[in-house]
Amino acid sequence: MKTLMMQRRQLLKSALCGAAAVYGLRSAISFAAQWPTKAVSFIVPFAPGGPVDTAARIVTNGLTQQWQQTAIIENRAGAGGILGARLSAQAKPDGYNYFFAAIHHAILPSLNKSLDYDIQKDFVPVGAVARFPIILIAHPSLKVKSVKELIAQAKAQPGKIAYSSSGTGGGTHLAGALFASMAGIELQHVPYKGSAPAVQDLVGGQVQLMFADATSALPFIKSGKVIPLGVGNPQRSDLAPEVPPIADEGLPGYEAYSWSGLFAPAGTSADIVKQVNHDLNAQLNDKSVIEKMHGSGSEAMPMTPEEFGKFLSDEIAKWHKTITDANITIQG
């Protein structure tokens, strides 16, 4: 009799647990179906007007119309993207808080050992947003017209060819460090405070090369003041279709570009993340959105949350190796 009663209690317990699980699932599905019922917040960890901010505003304008709820951009610039990431990591995982991260957040873990957030543990990936192509450009005085010619000249003159960048540890710097490492050459890095002065000194002949963002490079390519040697995209870029990928021009496997992507605080409902990814990708596949992004110097880069999570892991690993091999450090 005692055994029978224990069996009945166990069956009842199992039934109650099953009912609770079903109720929880139904509640999650119901929540996802009703979402959003209020404004949705997006933190951009950089100042207004920059490439990440511009791409964010293009897609959130479409999301506002799609959701019939306001998508609010909050610019929280500071410490090279760290401040915005810190605030986002502390936000409520209620489905109404998101974070536009950038390539910086894949690089920072290898340059700053005192970060008080973890981009992989404190967030869940929602989806990639934009790619910002990097184009390798040369001053005409260098007298090279291809990646192969550049590598040959650099091997003949170790450390004699200088390339400018927008700053130490940034995407344009690391694109050059990765290139030098993969090609087995030595280039001299000259950091500047921003892309504009870096490009101006290239045009003026003070340096011979730059791995420049497309927005900075294209006007000087079109005017003939610099020579385009290759783009860091795995395929030709829609922004500069006449420029071949560096990987196809003498450095197989090379891939380097800046990017932005969307994250949510860890603990955000998987159903909501899936819905936001679906809606985000709908925007990124919209012809008018693609045209606006091209006009601002970026390319739509739709991915699933799983694809974006793997992309982030690969980027962190790639830049960690690049930074370690080149012994790159930053002050502060």
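Observations, loosely collected:
- Any hit, segment 250-257, residues being loosely packed, with under 15 Cβ neighbours inside 10 Å, in contact with a strand residue (DSSP E or B) (Cβ under 9 Å, 6 or more places away or on another chain) and either assigned to a helix (DSSP H, G or I) or at pLDDT below 95 (or both): no
- Test: residue in segment 276-295 that is more than 29 Å from A33 (Cβ to Cβ), surrounded by 15 or more Cβ atoms within 10 Å (Cβ to Cβ), aliphatic (A, V, I, L, M) and in contact (Cβ under 8 Å) with a residue 40 or more places away in the chain: yes
- I119 being assigned by TED's automatic domain parsing to the domain that holds G295, modelled with pLDDT of 95 or more and among the β-branched types (V, I, T): yes
- Only residues that are among the aromatic types (F, W, Y) and either surrounded by 23 or more Cβ atoms within 10 Å (Cβ to Cβ) or over 15 Å from E242 (Cβ atoms) (or both) were counted across segment 211-226, and they come to 1.
- Failed condition for T268, given (1) in contact with an Asp or Glu (Cβ under 6 Å, 6 or more places away or on another chain); (2) over 15 Å from I135 (Cβ atoms): (1)
- From G81, G95, residue being under 18 Å from the mean Cα position of the chain (by Cα), at positive phi and surrounded by 20 or more Cβ atoms within 10 Å (Cβ to Cβ): G81
- Being under 24 Å from Y98 (Cβ atoms), exposed (fewer than 15 other Cβ atoms within 10 Å of the Cβ) and at pLDDT 95 or above is a property that E315 lacks.
So that you can scan it fast, the table gives a plain yes or no per residue for (1) touching a Pro at 6+ places or on another chain (Cβ under 9 Å); (2) basic (K, R); (3) over 23 Å from G50 (Cβ atoms); (4) at pLDDT 95 or above:
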site: P140; (1), (2), (3), (4): no, no, yes, yes
site: L150; (1), (2), (3), (4): no, no, yes, yes
site: A154; (1), (2), (3), (4): no, no, yes, yes
site: H173; (1), (2), (3), (4): yes, no, no, yes
site: V190; (1), (2), (3), (4): no, no, no, yes
site: P197; (1), (2), (3), (4): no, no, no, yes
site: Q200; (1), (2), (3), (4): no, no, no, yes
site: G205; (1), (2), (3), (4): yes, no, yes, yes
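- For segment 66-94, filtering for residues that are in contact with a helix residue (DSSP H, G or I) (Cβ under 7 Å, 6 or more places away or on another chain) and closer than 11 Å to F42 by Cα leaves 5.
- Screening V243, V231, V226 for residues that are modelled with pLDDT of 95 or more, of a type in the set (A, V, I, L, M, F, W, C), assigned by TED's automatic domain parsing to the domain that holds P140 and under 26 Å from G80 (Cα atoms) leaves exactly one candidate, V231.
- Look at segment 108-119: where a residue is surrounded by fewer than 14 Cβ atoms within 10 Å (Cβ to Cβ) and a partner is outside any loop (DSSP other than H, G, I, E, B), sitting 6+ places away or on another chain with Cβ atoms under 9 Å, you get D116/I82; D116/R86; D116/A89; D118/A89; D118/P109.
- Within segment 171-210, considering residues that are in a strand (DSSP E or B) and in contact (Cβ under 8 Å) with a residue 60 or more places away in the chain, the one surrounded by the fewest Cβ atoms within 10 Å (Cβ to Cβ): L209
- Selection status of T168, part of a helix (DSSP H, G or I) and of a type in the set (S, T, N, Q): no
The values are calculated or read from the model by the stated rules, or taken from the named source; none is laboratory data. Here the structure is a predicted model, which is why all the values come from computation and not from measurement. Methodologically, a virtual Cβ is constructed for each residue, glycine included, from the backbone with ideal geometry; neighbour enumeration extends over all protein chains shown.
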